[in-house]
Amino acid sequence: MIGTMTYDQVEIITQELEAASTTIDRIIKNLNIEELEDFISTVEGYTKYLKTTIEMNKDADKALENLKLQK
């Protein structure tokens, strides 16, 4: 878990953010609205952060589980 959310819930949010940023990126390019490029870049960076956080937390959970089993 990350906070009060399961990994699956965070993964769903990450996928939705990726889809939204892809859609917005297409619109920006079609309409030549360069002012939103920084915003899209930030959203893309945040989705990568969320993916990394999920993986790190899953790895930490596995490590803790292994430590519990060794007792």
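The values are calculated or read from the model by the stated rules, or taken from the named source; none is laboratory data. All figures in this text were calculated on a predicted structure; none of them were measured in a lab. Ideal geometry is used to build each Cβ from the backbone, glycine not excepted, and the neighbour counts take in all protein chains shown. Just the protein is used for accessible areas: all its heavy atoms, side chains included, with ligands, DNA and RNA removed. Shrake-Rupley method; radii C 1.70, N 1.55, O 1.52, S 1.80 Å.
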**Item:** Single residue of T52, T22, T6 found to be out of contact with any His (no Cβ under 8 Å at 6 or more places or on another chain) and either basic (K, R) or at pLDDT 90 or above (or both)
**Value:** T52
**Asked** Quick one: is D25 in a helix (DSSP H, G or I), of a type outside the set (A, V, I, L, M) and open to solvent by less than 90 Å² (accessible area, probe 1.4 Å)?
**Response** yes
**Message:** Of everything in the stretch 29-59, what is closer than 16 Å to M5 by Cα and hydrophobic (A, V, I, L, M, F, W, C)? Give them in sequence order.
**Reply:** L50, I54, M56
**Message:** Could you list, ordered by first residue, the pairs with Cβ atoms under 6 Å in which the first is in the stretch 48-64 and surrounded by 11 or more Cβ atoms within 10 Å (Cβ to Cβ) and the second is among the hydroxyl-bearing types (S, T, Y) and in a helix (DSSP H, G or I), at least 6 apart or interchain?
**Reply:** L50/T14; K51/T14; I54/Y7
**Request:** Give the number of residues within the stretch 28-47 that are outside any helix (DSSP H, G or I) and surrounded by fewer than 11 Cβ atoms within 10 Å (Cβ to Cβ).
**Result:** 1
**Message:** Take the conditions loosely packed, with under 10 Cβ neighbours inside 10 Å and on the phi < 0 side of the Ramachandran plot and apply them to K68. Does it pass?
**Reply:** yes
**Fill in**
Flagged in the stretch 1-22 as surrounded by fewer than 11 Cβ atoms within 10 Å (Cβ to Cβ) and part of a helix (DSSP H, G or I), in numbering order, are D8
**Asked** Would a scan of the stretch 7-28 turn up a residue that is out of contact with any Asp or Glu (no Cβ under 7 Å at 6 or more places or on another chain), in contact (Cβ under 8 Å) with a residue 40 or more places away in the chain and aromatic (F, W, Y)?
**Response** yes
**Asked** When you scan the stretch 28-59, how many residues do you find that are of a type in the set (A, V, I, L, M, F, W, C) and under 16 Å from Q9 (Cβ atoms)?
**Response** 2
